[in-house]
Amino acid sequence: VGSVRCVQETGINAEYMGLDMIDLSELQLKGDKFIQPPALTNNIRLYGHHGCPYNERVKLTLYLKHIPFQFVACDFPSRPPWFYALPSSGRVPALELPNRSAYLYESLAIAQYVDEAFDGVMQLMPRGPENNILRAKVRALMGRAESMTSNFYKAVKSFGDDKEGTEALRKDFVAFDQTLADNQKGNKNPFFLDQAAPSFADIALFPHTRRLMIFEGTALCDNLFKALKLKELPNLMKWFNTMISIKEVADNTVKPELFMAFLQRYKETKQFLFTLQKLSLIHI
């Protein structure tokens, strides 16, 4: 499964029947002169950034369900005016529905819409009245994953120098490890729910965990990785290794070299702005 895909413009779940094909290859939105791509008639389009964990939540949902879509990679420094005029106000990820009938934003809202709107090959949120309690558990875990992100960014943006944020993030993952231990009693499934496939509880947490695991052995973030001691959390490691072994996840999660290059650019920009501030050229 890759980002470059060629599918029929005849419906989200259309089978190949010799009908006209359109190209859903990935687009690169670069520079303020980039012209808005034409609306898709029956397929969806996702605007996002490869390094963004929120974007990855949506992409993994689409790939796990085998839903065709076009991805538009958006550069942070320069985006055209028409992109900011969209209802998502320039935020990513943003999902464009067929014929531009609507735009959705906020990663978990988009992901849940996709799960409800398209059957795909799996359901990531349990359905039916018999699963009311399971749905409540999934939403609670999604909320915990969302609340963890503030500590995630404190630790990552400081490259581990924010000791308070790093310790808080460590405690978040210790709690997730215990949740997995409790949920896995008496069953062999490594996911957050007692089932043989991932749910939104797994999708919500995986992209951030993936990025932290990339840090091991890197000059930029190895100290942060060591401080978090993720490898000392056996249930979390079992869960992570199971997730990364799923083909749709492995093929479409962020690549280490891309994410580290993004972080390096962030660090250089941060240092440059700090230097300008010290010289009293700008105020931050």
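The values are calculated or read from the model by the stated rules, or taken from the named source; none is laboratory data. The shown structure was predicted, so the numbers you read here are calculated from the model rather than taken from an experiment. All Cβ positions, glycine included, derive from the backbone under ideal geometry; neighbour counts span all protein chains shown. The protein model used for the area step is the full one, side chains on, heavy atoms only, and it has no ligands, DNA or RNA in it. Shrake-Rupley method; radii C 1.70, N 1.55, O 1.52, S 1.80 Å.
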(message) Can you tell me which residue is modelled with the highest pLDDT among those in region 89-112 that are within 19 Å of the chain's Cα centre (by Cα), charged (D, E, K, R) and open to solvent by 30 Å² or more (accessible area, probe 1.4 Å)?
(response) 106
(message) Being of a type in the set (A, V, I, L, M, F, W, C), open to solvent by less than 10 Å² (accessible area, probe 1.4 Å) and either in contact (Cβ under 8 Å) with a residue 40 or more places away in the chain or part of a loop (DSSP other than H, G, I, E, B) (or both) narrows it down to one residue among 40, 86, 124; which is it?
(response) 124
(message) From the list 67, 133, exactly one residue is assigned to a loop (DSSP other than H, G, I, E, B), out of contact with any helix residue (DSSP H, G or I) (no Cβ under 6 Å at 6 or more places or on another chain) and among the aliphatic types (A, V, I, L, M). Which is it?
(response) 67
(message) Tell me the residue from 173, 159 that is in a helix (DSSP H, G or I), of a type in the set (Phe, Trp, Tyr) and surrounded by 15 or more Cβ atoms within 10 Å (Cβ to Cβ), please.
(response) 173
